[in-house]
1. Tell me, yes or no, whether the range 64-79 has at least one residue that is in contact with a Lys or Arg (Cβ under 6 Å, 6 or more places away or on another chain), of a type in the set (G, A, S), at pLDDT 85 or above and closer than 30 Å to C130 by Cβ.
2. Of all residues in the range 169-190, which are at pLDDT 85 or above and among the basic types (K, R)?
3. Condition check: surrounded by fewer than 15 Cβ atoms within 10 Å (Cβ to Cβ) and in the same structural domain as G122 (by TED's automatic domain parsing). Does Q38 satisfy that?
Amino acid sequence: MKVFTTGQVAKICKVAPRTVSKWFDSGRLKGYRIPGSQDRRIPREYLIRFLKEHGMPLGDLEDEAMAKVLIVAQDQVLIENLKRELPLEHSFKAAVAASGFDAGIQAESFHPDCIIVDFSIGRTEALQICQNLRRNNEFSEVILIALLPDDGSSLSFDRSAINETFKKPFDSALLAERLRTLIGAKKELV
């Protein structure tokens, strides 16, 4: 569990350390005192919760606090449904890529925790995206979810690169809940 001093919290919030002490002493910012001293410590999850409740920017904590999902798809209805189920106010940040090339660029700059690949963009391209991501050590821990079309054909391929599969049509809320579980366990989100 990561903890912060009042000075560190003050830098994150861009306020004076005394202001953080007042938040702590009034009970608005939760934490604990070091036994035998007046020093205060604020656990990461309490700080993130405090910042969100008060509409303050997460700053450097954003990467830790947000579950970043890259959606590789061309189906606008699917994209909108997923974005609706993964709202910013529930700690989700979503980006979209329409092709394998675009997915590679987005993955490099966005650093997603999870990549959802819609196999409707083309089975070969979708498989190549998954395999390329797994070959790159930077993305070895990224959760990969495949959305498989329900067109009656049997898709046989090596699924070892993919964490989970969902067959279309599927319930977007169910996928969002699964993402909360998978990413939440990985990042210890609040």
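1. Of all residues in the range 64-79, those in contact with a Lys or Arg (Cβ under 6 Å, 6 or more places away or on another chain) come to 66, 68.
From what's left, of a type in the set (G, A, S): none.
No; the residues of the range 64-79 include none that is in contact with a Lys or Arg (Cβ under 6 Å, 6 or more places away or on another chain), of a type in the set (G, A, S), at pLDDT 85 or above and closer than 30 Å to C130 by Cβ.
2. Within the range 169-190, just R178 meets the criteria.
3. no
The values are calculated or read from the model by the stated rules, or taken from the named source; none is laboratory data. Computed from a predicted model, the values in this text were never measured in an experiment. Cβ atoms come from the backbone with ideal geometry, glycine included; neighbour counts cover every protein chain shown.
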